[in-house]
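What follows is a short report on a single structure.
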Amino acid sequence: MHRIDVLASEIAYLDEGEGPPVVFLHGNPTSSHAWRNVLPVLTDRARCLAPDLIGMGRSGRPDIAYRFADHARYFDAWMAAMRLGPVVLVGTDWGGALAMDWAARHPDRIRGLVVFETFMRPMGWADWPPEGATLFRSLRTPGEGERIVLTENRFLAQSLAHGVRGGVSDEVRAAYHAPYPTPESRRPLLQWTREIPIDGEPSDVHAAVEAYDRWLATSVSVPKLLITFEAPSVLGSPAVVEWAREHVSRLDVVALGHAGHHATEDDPEGIGRAIRAWLTRHQLTTRIGVAPLGSYVRVDTFRVSDAARARLLEASQRILAFLSTLDGFVGSSLLERRAGDTRGDLVTLVAWRSREAAEAAGPRVREFLRASNLDVPRLLSELGVEMTRADYEVTSVK
């Protein structure tokens, strides 16, 4: 497992495969272990990264409150440290909420979003079945929640027992329990149960969910996938799915079979295949190297100073992320100069299905640049950047 320093602590993460980055976020009370059987379905098409959220799995345990805002702050820092560029995010449970929150706050860096069994909208106690409401009211009660989660360690055991329809082996159960051997190590698990936005509380989490709901409704350029199951929890209920169909823009819904809240244990291969098919359909993991015969490839080479590199790189990433949402887009690459290379400091390659597809995309690209206040000629002039452009047709693929 890899580790990287983040905000005076560290985040542990899985990093498997090659290709465009896809980040997988787990929920409560689990860890990146939840994705172990999903990633192999995708690693030949994408670079799959799965961090342990702060205070969970093998990540560090700083002295913080472990509120939603804390997790968002550490995830922001991890994303910045990893320097991934535009990404596809996949999240379940609280990982889905963190993914939607990050996407709403970084709209130019998100290429696609996949969620299941997560907090699609603020909830009310009326949404919960009686036994669930009783449990979570207890977890939110001072003293009672500490007894259930910290002292007796019942929440983790019950979550696995009720959230996995097919049951878990002793080996899998031990792997999920291993990061939380002491009462204090389980405090992040307890706090998560108190962050669920129910009837407007906590107010800051409620506001965050409302904010990403607005983004879900208006982000028409970002493809989204909601995976549903035959035996969902309250988070994936038919009412939630119907709400998503009505309110989430550019949404695909894929229904899988019998799986519970911890669906990656019940049907990891089905989830992986659904994500893989969706990524392919929206061309989110297509690489230049596999551009089909007849593709039209535009190559822009920028000679840029070290001082101006960061601004040009950021603008290029924003533009490439938008291009990936357009019809006829095949793939893109962003290349930076290696030491001793005199061919250019920054190179972008964008492949289209045909020259006609590239030309048809022109009006939408210009509209995006205006809406984003990206005046490319002016930016290049301000930065003193020299640019050359060449167009190619793919005539051979091996």
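The values are calculated or read from the model by the stated rules, or taken from the named source; none is laboratory data. These numbers were taken from a predicted model, which means no experiment stands behind them. When we count neighbours, we look across all protein chains shown, and the Cβ atoms used for this are built from the backbone with ideal geometry, even at glycine.
Provide a single number: the residues in region 139-180 that are assigned to a loop (DSSP other than H, G, I, E, B), crowded, with 16+ Cβ neighbours inside 10 Å and of a type in the set (D, E, K, R). Write out each step before concluding.
Of the residues in region 139-180, the ones assigned to a loop (DSSP other than H, G, I, E, B) are 140-143, 152-153, 164-169, 178-180.
Next cut, crowded, with 16+ Cβ neighbours inside 10 Å only: 140, 153, 164-165, 168, 179-180.
Within this subset, residues satisfying the condition of being of a type in the set (D, E, K, R) are 140, 165.
Residues that pass the stated criteria total 2.
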Neighbours by Cβ (under 6 Å, 6+ apart or cross-chain): first from region 264-289, assigned to a helix (DSSP H, G or I) and at pLDDT below 95; second polar (S, T, N, Q) and buried (at least 22 other Cβ atoms within 10 Å of the Cβ): L279/T285
Members of region 107-138 that are closer than 19 Å to L190 by Cα, among the β-branched types (V, I, T) and in a strand (DSSP E or B): T118
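For region 219-234, which positions are surrounded by fewer than 22 Cβ atoms within 10 Å (Cβ to Cβ) and either aliphatic (A, V, I, L, M) or more than 14 Å from A259 (Cβ to Cβ) (or both)?
Residues of region 219-234 surrounded by fewer than 22 Cβ atoms within 10 Å (Cβ to Cβ): 219-221, 228, 230-234.
Once the filter is applied, which keeps residues that are surrounded by fewer than 22 Cβ atoms within 10 Å (Cβ to Cβ) and either aliphatic (A, V, I, L, M) or more than 14 Å from A259 (Cβ to Cβ) (or both), region 219-234 yields S219, V220, S221, A231, V234.
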Residues that are under 18 Å from P20 (Cα atoms) and modelled with pLDDT under 85: does region 351-368 have at least one? no
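Within region 155-204, count every residue that is in contact with a Gly (Cβ under 6 Å, 6 or more places away or on another chain) and of a type in the set (G, A, S). Steps first, please.
Of region 155-204, the ones in contact with a Gly (Cβ under 6 Å, 6 or more places away or on another chain) are 163-165, 179, 188, 190, 199.
In the following step, the residues that additionally are of a type in the set (G, A, S) were identified as 163.
Here the count works out to 1.
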